[in-house]
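The values are calculated or read from the model by the stated rules, or taken from the named source; none is laboratory data. Remember, it's a predicted structure, so these values are computed and weren't measured experimentally. Positions of Cβ are generated from backbone atoms using ideal geometry, with glycine treated the same way; all protein chains shown enter the neighbour counts. Quick note on the areas: whole protein, heavy atoms, side chains included, nothing else; ligands and nucleic acids left out. Shrake-Rupley method; radii C 1.70, N 1.55, O 1.52, S 1.80 Å.
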Amino acid sequence: MSAIVFLPRAASTIAPKTDALYFALTGVSLAIVVLVFSLLMIFSYRYRRGSPARRGKLPTFLQHEVEIGWTAATTFAFLLFFWWAGSNQISAMMPPRSAMEIHVVAKQWMWKIQHPSGAREIDMLHVPVGEPIRLVMTSQDVIHSFAVPDFRIKQDILPGRYVEAWFEATETGSFRLTCTQFCGTAHSAMTGTVVVMSKPDFAAWLASQPAAGDLAGEGRTLFTGLGCSGCHTPGGPVHAPDFHGLYGHEVPLASGRFVKVDDAWIRDCILGHSTADPPAGYPPVMPSFAGKVDDGQILALTAYIRSLGPETGASP
């Protein structure tokens, strides 16, 4: 007879923290239920009709102290759990700088995954154990949600935006990946598997994949093929920003505000959403590539721009 399992196994660094908070909240909730129910039974019996129990006000020295003490105790408990949950959430949102970046594109009804080396997977994600993994995700159609119960991670994925999540697996094996946001008629079939391997096995698996250029290399090819290099290089025929050393920095816009050059802003530029407020000093002549490039290609272009070193140090 199989044992009763109350929770999926904890197979990531964040899972024990999440479980500890869950059990603490459950324990406190049960303690309050037991206390309230016990007092209800005691008072119902002690002060039943016909009971000789004394009825009247509490002694003067207890009239306010009990209420103050109960209010203070519950306030302290609330602040404690708020701090605990908040610190866990913040740590779950901040991947280590050394995290391996993997790109995920969700669509009805599959997971399209691409590794930094260019290796691609459908509904499968191979990762090494003990290695922080940063997922950069977007959706091609509707809202999806990337969830791996054993890792205690769940992240909604929105169309037209980039979202991130990260995890570090602590056990090898296969773990269920599922979409937990209703996304259409085949929502229940939008599943996958995260395969956690030892680092030598993962290196061997990666080497066995079909030869493919890395994501930045694919983006470089697109950058040239789409004509971007004709404008966004020094000495080009059109006065446009040079992307070398630009990613991650704030740049001024024509409206006077500043914006950080990140994945979301680059996407807006590619899709023509930024023409109303172009970088300061540059004409709004950037064409829209909406409908000409898909989300996977936008991820590749972004990876290429991110990879550009500070060769010129130019900025808008």
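Can you tell which of V129, V285, V142 shows the greatest fluctuation in a Gaussian network model of the chain with Cα springs below 10 Å?
Answer for the Gaussian network model of the chain: V285.
If you restrict to DSSP beta bridges whose two residues both lie in the chain, what percentage is antiparallel, to the nearest 5? Can you show the working numbers first?
Numbers: 31 of 45 bridges.
So the antiparallel bridges amount to about 70 percent of the total.
At q = 0.09, 0.11, 0.14, 0.15 Å⁻¹, what is the log10 ratio I(q)/I(0) for the chain, with the Debye formula run over Cα points and no solvent?
Per q value, in the given order, log10 I(q)/I(0) is -0.64, -0.83, -1.15, -1.25.
Give me the accessible area per residue for segment 120-186, probe 1.4 Å, as a whole number in Å².
With the other protein chains kept in place, segment 120-186 gives 40 Å² per residue.
Name the most mobile residue of A119, A147, A73, meaning the one with the largest mean-square fluctuation, in a Gaussian network model of the chain with Cα contacts below 10 Å.
Between A119, A147, A73, it is A73 that shows the largest mean-square fluctuation.
In the chain, what is the count of Lys pairs whose alpha carbons are under 23 Å apart, counting only pairs at least 8 residues apart or on separate chains? Walk me through the intermediate numbers first.
Numbers: K17/K154; K107/K154; K107/K292; K112/K154; K112/K199; K112/K292.
Count of close lysine pairs: 6.
Determine the gain in length on full extension of the stretch F182-R120; use 0.36 nm per residue of separation and subtract their C-alpha separation, reporting nm with one decimal. Before the final figure, lay out the partial values.
Numbers: separation 62, 0.36 × 62 = 22.32 nm, distance 2.53 nm.
My answer for the length gained is 19.8 nm.
Accessible surface of Y162 in the full protein assembly, 1.4 angstrom probe, to the nearest 10 Å²?
40
Report the FRET efficiency, 1/(1 + (r/R0)^6), for K260 and L7, where r is their Cβ-Cβ distance and R0 is 45 Å, rounded to 0.05. Present the calculation step by step, with values, prior to reporting the outcome.
On the way: r = 39 Å, r/R0 = 0.86.
The computed FRET efficiency comes out at 0.70.
Taking a 1.4 Å probe, which of L30, L7 shows the most accessible area, and what order do the others take after it? Write out the running numbers ahead of the final one.
On the way: L30 105, L7 50 Å².
Heavy-atom accessible area, descending, gives L30, L7.
Simple spin-label model, 7 Å along Cα-to-Cβ: W205 to S307 in nm?
2.3
Between V36 and I68, 0.36 nm times their residue separation minus their Cα-Cα distance comes to what?
Details: separation 32, 0.36 × 32 = 11.52 nm, distance 1.78 nm.
That pair, V36 and I68, stretches by 9.7 nm at full extension.
Kindly sort D150, D294 by accessible area of their heavy atoms, largest first, with the probe set to 1.4 Å.
Values: D150 25, D294 70 Å².
Output order, biggest surface exposure first: D294, D150.
Where nothing but the Cβ of Lys and Arg (+1) and of Asp and Glu (-1) is charged, how large is the charge dipole of segment 70-174 around its Cα centre, in debye to the nearest 20?
Values: 8 positive and 10 negative charges, 48 e Å.
Magnitude of the dipole: close to 220 debye.
What nm distance separates the two modelled labels at W83 and T233, each placed 7 Å from Cα along Cα→Cβ?
Taking the simple label geometry, W83 and T233 are separated by 5.7 nm.
If the chain between S29 and S288 were fully stretched, how many nm would it gain, using 0.36 nm times the residue separation less the Cα-Cα distance? Don't skip to the end; give the middle numbers.
On the way: separation 259, 0.36 × 259 = 93.24 nm, distance 5.42 nm.
Extending this stretch completely gives an extra 87.8 nm.
Hey, in the GNM for the chain with a 10 angstrom Cα cutoff, which one of P132, P252, P95 fluctuates hardest?
Evaluated over the chain, the most mobile residue of the options is P252.
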